[in-house]
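K.L.:
Here it is, the structure, as structure tokens.
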Amino acid sequence: MPNNLQLFFQDLQQRGIVANVANLDNFYQLELEPKKKVVYLGIDCTGERLHIGHLFLLIQTIRFAKEGFQILLVLGGATSKIGDPSDKNEERPLLEVEKIENYQAKIKAQIERILIKPKKREKNDLAPLEQFYADNPKLLNDIYQILKKMNFIDFLRQTGKYLTIAYLSSKETVKKRINTGLSFLEFSYPLIQAYDFYYLYKNYNCHGQLGGSDQWGNLTTGLKLIKSFYPENQTFAFNFPLLADSSGKKISKSESGKKILWLNSEPKAFFDFFRNMPDEQAEIYIKQFTFLNEKQINDK
Ligand SMILES: N[C@@H](Cc1ccc(O)cc1)C(=O)O
């Protein structure tokens, strides 16, 4: 008999939500160790609003919450100041710190609106979509406070010592940019994300990291760092697929400027986005974006 987490994983696969998973056995074992059922998702605050790709990630996170996982959300305080090179063909502009902090406040409010059930709703708010709320998400911002105080030498001793140049250079992002230009700043990004995971493992019993399709290198670097300190750990990572349109094209800001659906858009923009897609695409999205099961979908 498969255990609950095996069934959960099967459901994720049937919905087309898993691109990659590291240490699936560790994940299954948590069935017997509920205290370790803690996962995190990090979001960088490099823009002022979230888009449909973020909603996709948050909905997948809620699936874990429904399965009894404590959810930790990290608004990347340190990482946003470095800039994730994953999936970027060029060096990112360095954003001013005040700008990032301003973005962070805005993004926090947008995430809370999606994940946290309001105690009181404004009259004009949309009807609460009960099934969408995770009851227990924690938004964390303390890792940045730690990193801010840590000096560079201590940071290198705690992270750089355990990650070799060969290991870091084997990551897709680095391979792609090594000849065209990747600054040391961006090269060091995975160390910070790995430190976040290590910190959450140590302090919050966080055993898994969830991330979008371009995050594989960062997720696995975190697993490796944790393993250097705790060889017997039971950590794992889940990578969700790229959100694509019907032609298989990535839906993201950079690749298809016009198509991006911002989460603070008018309801009509959402309606149009979902209404105008081809049927085959709707079939995929209904599995990925809703909690309906197969029978409910087929009955509709
Ligand atoms: N690198 C992630 C965001 C992130 C930041 C910090 C983390 O600890 C984890 C994830 C992204 O760009 O999507």
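K.L.:
Under 26 Å from THR290 (Cβ atoms) and surrounded by 16 or more Cβ atoms within 10 Å (Cβ to Cβ): is that true of ILE52 in this structure?
P.N.:
yes
K.L.:
Pick from LEU30, LEU5: which is open to solvent by less than 20 Å² (accessible area, probe 1.4 Å), touching a Lys or Arg at 6+ places or on another chain (Cβ under 8 Å), more than 15 Å from the ligand (Cβ to nearest atom) and farther than 16 Å from TRP216 by Cβ?
P.N.:
Of LEU30, LEU5, the one residue that is open to solvent by less than 20 Å² (accessible area, probe 1.4 Å), touching a Lys or Arg at 6+ places or on another chain (Cβ under 8 Å), more than 15 Å from the ligand (Cβ to nearest atom) and farther than 16 Å from TRP216 by Cβ is LEU30.
K.L.:
Those residues that are open to solvent by less than 10 Å² (accessible area, probe 1.4 Å), more than 10 Å from the ligand (Cβ to nearest atom) and assigned to a helix (DSSP H, G or I), I need them from the stretch 211-240; list them, please.
P.N.:
THR221, LEU225, ILE226
K.L.:
Might you check whether a residue that is surrounded by fewer than 21 Cβ atoms within 10 Å (Cβ to Cβ) and without any contact (Cβ under 8 Å) to a residue 40 or more places away in the chain occurs anywhere in the stretch 15-25?
P.N.:
yes
K.L.:
As an exercise: evaluate SER265 against (1) part of a loop (DSSP other than H, G, I, E, B); (2) of a type outside the set (Phe, Trp, Tyr); (3) modelled with pLDDT of 90 or more; (4) surrounded by 14 or more Cβ atoms within 10 Å (Cβ to Cβ) and give the number of the one condition it does not meet.
P.N.:
(3)
K.L.:
Which pairs have Cβ atoms under 8 Å, sit 6 or more apart or on different chains, and link a residue in the stretch 148-164 that is within 17 Å of ILE82 (Cβ to Cβ) to one that is charged (D, E, K, R)?
P.N.:
Close Cβ pairs (under 8 Å, with a partner that is charged (D, E, K, R)) amount to LEU163/LYS224.
K.L.:
Residues being within 16 Å of the ligand (Cβ to nearest atom) and either touching a Lys or Arg at 6+ places or on another chain (Cβ under 8 Å) or part of a loop (DSSP other than H, G, I, E, B) (or both): count how many of those fall in the stretch 107-121.
P.N.:
2
K.L.:
Which residue pairs have Cβ atoms under 9 Å apart, sit 6 or more places apart or on different chains, and have a first residue in the stretch 58-85 that is under 29 Å from GLU186 (Cα atoms) and among the charged types (D, E, K, R) and a second that is more than 9 Å from the ligand (Cβ to nearest atom) and in a loop (DSSP other than H, G, I, E, B)?
P.N.:
Hits for this filter: LYS81/LEU94; LYS81/LEU95; ASP84/ARG92.
Yes/no matrix, rows are residues, columns are (1) over 13 Å from the mean Cα position of the chain (by Cα); (2) farther than 17 Å from GLU91 by Cα; (3) touching a residue at least 60 places away in the same chain (Cβ under 8 Å):
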site: LEU182; (1), (2), (3): yes, no, yes
site: TYR189; (1), (2), (3): yes, no, yes
site: ALA194; (1), (2), (3): yes, yes, no
site: GLY208; (1), (2), (3): no, yes, yes
site: LEU223; (1), (2), (3): yes, yes, yes
site: ILE226; (1), (2), (3): yes, yes, no
site: TYR230; (1), (2), (3): yes, yes, no
site: GLN234; (1), (2), (3): yes, yes, yes
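K.L.:
Just give me the residues in the stretch 39-49 being open to solvent by 10 Å² or more (accessible area, probe 1.4 Å) and either more than 30 Å from PHE273 (Cα to Cα) or not small (Gly, Ala, Ser) (or both), in sequence order.
P.N.:
If the condition is that a residue be open to solvent by 10 Å² or more (accessible area, probe 1.4 Å) and either more than 30 Å from PHE273 (Cα to Cα) or not small (Gly, Ala, Ser) (or both), then ASP44, THR46, GLU48, ARG49 are the ones that fit.
The values are calculated or read from the model by the stated rules, or taken from the named source; none is laboratory data. Keep in mind the model is a prediction, meaning the values are calculated, not measured. Every residue, glycine among them, receives a Cβ derived from its backbone with ideal geometry; neighbour counts consider all protein chains shown. Keep in mind that these areas ignore ligands, DNA and RNA; they rest on the heavy atoms of the full protein, side chains included. Shrake-Rupley method; radii C 1.70, N 1.55, O 1.52, S 1.80 Å.
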